[in-house]
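First up is the structure itself, then whatever we jot down about it.
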Amino acid sequence: MTKRDAVGRDTQNDLGSVPLFADCPPRDRKRLALLGTRVHVGAGRELTTAGSRGAQVLVVLSGHATCLVRGTEAASFGPGDFFGEVATLDGGPRTATVVADTDMDLVVFSRAEFERLVSASPAVARRILVAMARRLREANAMAVA
């Protein structure tokens with residue numbers, strides 16, 4: 001990934017448009033923006049690889065990516081979405097491969113930054129849990145089908 005802008009007002013403002021952070025007061029968004037690193041990646045870039053160790057959560061600011069599980073499209077990610085939380089939380093291998101379909105702007109949180117993020121904002125932590133529960137239900141429905 002190419003580092004674009006470590007921290008800045010643009011990142012703070014962009015986080016306000018991400019549902020995960022939308023209800024955070026501007027002061028909190030400023031603190032949260034300080035935790036992540038804004039990066040730009042080109043189309044075709046593999047962002048996560050199934051089976052590899054992961055220690056980053058990626059939040060999509062712009063662009064789109066496809067999530068593949070065992071070679072089958074399982075989801076797509078666009079502005080406001082995030083991924084990488086499972087391996088980052090439990091230290092296990094990535095559960096999916098995610099590939100950028102277009103050029104993308106992301107905010108990337110390391111494991112330590114992600115831990116600070118969820119500790120600093122219980123509302124953000126709850127939204128992450130709700131999204132994980134939804135994804136688990138979708139995965140279970142796909143497995144049964």
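The label-point distance for Glu138 and Asp23, in a model that sets each label 7 Å from Cα toward Cβ, rounds to 2.1 nm.
Taking every Cα-Cα distance in the chain and sorting them into 5 Å bins from zero, the calculated P(r) comes out as 2, 10, 19, 24, 22, 14, 6, 2, 0, 0 percent. Available extension along the chain between Asp101 and Ala55 is 14.4 nm, counting 0.36 nm per residue and deducting the alpha carbon span. Relative to the longest principal axis of the Cα atoms of the chain, the long axis of helix 122-144 makes an angle of roughly 10 degrees. Compute the angle between helix 111-120 and the longest alpha-carbon principal axis of the chain, please, reported from 0 to 90 degrees and rounded to the nearest 10. Computed tilt is about 60 degrees.
Just so you know, all these numbers are worked out from the coordinates, no wet-lab data involved. These numbers were taken from a predicted model, which means no experiment stands behind them. Please note: Cβ atoms are built from the backbone with ideal geometry, for glycine as well, and neighbour counts cover all protein chains shown.
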